[in-house]
Each structure stands twice: as C-alpha cells, then as structure tokens.
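Right, one structure below, let's go through it.
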Amino acid sequence: STLNYNHSEEVFLNRIMREDNVSAALQQDSFVSADVSTFSKWKSIKLKSYRIKKNFTNFKFYHLIFSVETITRYLFYVLFGLLLWYGITKQQWLVVGVTGLLFLLRLIIQLFTINKLSKYFMAGKFYFSFILLELIQPVYNLYFRITARKKSKRN
C-alpha cells in the first residue's frame, strides 16, 4: 500500500511499527547518522521529512506535542522580555533579578542536558549559540512545512 509514495520505506516502517514489535537501541554502535555537512543537504532531509509525515499514523498527535513545545518556548521568551522590561521601567530590581535568575537556571539546565546527550551521541558541544538556534529552529520548521506543502500540491 505504500509503493506509490516517495520515500515509501519510511511510511511502510511507520505503518508496521507497534509498541510490541519496536524497541529503542541506545548503544553507541546502534546510532544512525546522516550526512548534513551542507545547508542544502540538511534542507533536503527536512523537506523529505515534512512531505512524508502526513502519511504517518498518529501524525496529528505528535504534531500537536511538538507545537505545544514550540509555543511554550516562545511564551517563555516573551514573558522573559516583558518581565525584564517591566522590572527595568518600574525600577523593580527584584523582578529583574528573579527574571534573570530564572532565565539562567533554564539555560544552565538545557545546556547541561544537551551537552550530556551530545557527549553520549558523540555530537560535539553546544554553548551560547544554543539560544540563537533555539529561536531560529521553529522559524525554519515553519518554512520547511510551507515549502513541503507547496511541493506536494504541485505533484
């Protein structure tokens, strides 16, 4: 039933996977990697992923989970900016301090977690570029989603 799809092997695997026949392998020799040494290769992989996702079972459920994560991420930054602006304009230095501490706490926890996982997965380290990447990623995801939809409509 999936032979007519582009990248049908991924759609086929998604359809046959169930909780009782799939397990996660977290040994370092079980990792699968892709060559994303250039932006165009990364873009090609992302576009392929968005084009085939609509054929996956439970896609709407997972899409909702990732949407909530993106919304809460931006909500955090908006609230951080508003609280910082409020504290500075009203000279509420306690608000500024607590806001700054919460931001630093969140950043430290994220960097610790990501760097620990990156070390395990042999992927390098992240530092403060992580904040920029965290803000840009949802914008790129939206771009890829729109581009994939346009290409799907043409085909």
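Observations on the structure shown:
- Identified option (computed mean projected area of the Cα convex hull in nm²; candidates (i) 12.6; (ii) 11.8; (iii) 9.8): (i)
- Across the range 84-101, rounded Karplus estimates of 3J(HN,Hα) from the backbone phi angles (6.51 cos²θ - 1.76 cosθ + 1.60, θ = phi - 60°) give 5, 4, 4, x, 6, 5, 9, 6, 9, 5, 5, 4, 4, x, 5, 4, x, 5 Hz, Gly and Pro being marked x.
- With θ taken as phi - 60° and the Karplus curve 6.51 cos²θ - 1.76 cosθ + 1.60 applied, the whole-hertz 3J(HN,Hα) list for the range 131-146 is 4, 4, 5, 5, 7, 7, 3, x, 5, 4, 4, 5, 4, 5, 5, 5 Hz, x standing for glycine and proline.
Values in this text are rule-based calculations from the coordinates and carry no lab data. Just so it is clear, the structure is predicted and the values come from calculations on it, not from any experiment.
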